[in-house]
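Asker: So that we are looking at the same thing, I have put the structure below in structure tokens.
Please treat every number below as a calculation from the coordinates, not as lab data. Note that the coordinates shown come from a computational prediction; the quantities given were computed from them, not determined experimentally.
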Amino acid sequence: EFPGGILQKINVKTRWFVLFYAFGALSLQTDWDNALFAAVPQPKTLNFYTIMKNIPVLLAEKLLNISAIKLQPEIPFVWASGWNSPIYTDNRKTLSYPDVRSFIKLELARTIAENFPEVDAIAGVATGAIAQGALVADLLVKPYVYVRSSPKDHGLENLIEGNLKAGQKVVVVE
């Protein structure tokens, strides 16, 4: 039993997130309202605000630990947008680390669920966000498509790969 009925005070969509970050273990069914939690140690205290406030710090630590963040103030990186930046984050590298990959997947899914509850589908932008978008769509049990930077010059010549219907609300992961 959790102290003070903490799980009853937090909405169901957030419960899995709190448990994952507070205790590091969970098993989740696809139906939010029937979430199944397993292997969760008994907490002494749970400060939800502290956990939420520290998520950017946790992510930064994880990215630094896997050397995904590169700094070059003297010779800036040129981003795809053409901007010069002294910092580069290699998001593809996160896919090689299951704990970092899961952290990012859960955070993206939580953010989408909280801010876009009426979303119909998830899209990933080629090539860097195809994997993360698919992981998030899977967790949220939503259809998934990916968007190319330009249509293929062969085959079906698609710009969007997957099935979208007119009027669907889509969150794009980039």
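Asker: What does the extension gain come out to for Glu157 and Arg92, with contour length at 0.36 nm per residue minus their alpha carbon separation?
Answerer: Value of the extension gain: 20.8 nm.
Asker: Mind jotting down the three principal axis lengths of region 113-174 based on Cα atoms? Whole angstrom, largest first.
Answerer: 38, 25, 15
Asker: Between Asp99 and Leu59, what length comes free when the chain is fully extended (0.36 nm per residue of separation minus the Cα-Cα distance, one decimal in nm)? Don't jump to the answer; show the numbers that get you there.
Answerer: Values: separation 40, 0.36 × 40 = 14.40 nm, distance 1.08 nm.
Taking Asp99 through Leu59 to full extension adds about 13.3 nm, to one decimal.
Asker: Let me ask something additional. Residues with amide H under 5 Å of Val125's amide H, sequence separation 5 or more or different chain, H placed in the peptide plane at 1.01 Å from N; which?
Answerer: Ile130, Val147, Val173
Asker: Turning to a different aspect of this structure: In square nanometres, what is the average projected area of the Cα convex hull of region 48-168? Could the numbers behind the result be given before it?
Answerer: Numbers: hull surface 40.0 nm².
Approximately 10.0 nm², given one-decimal rounding.
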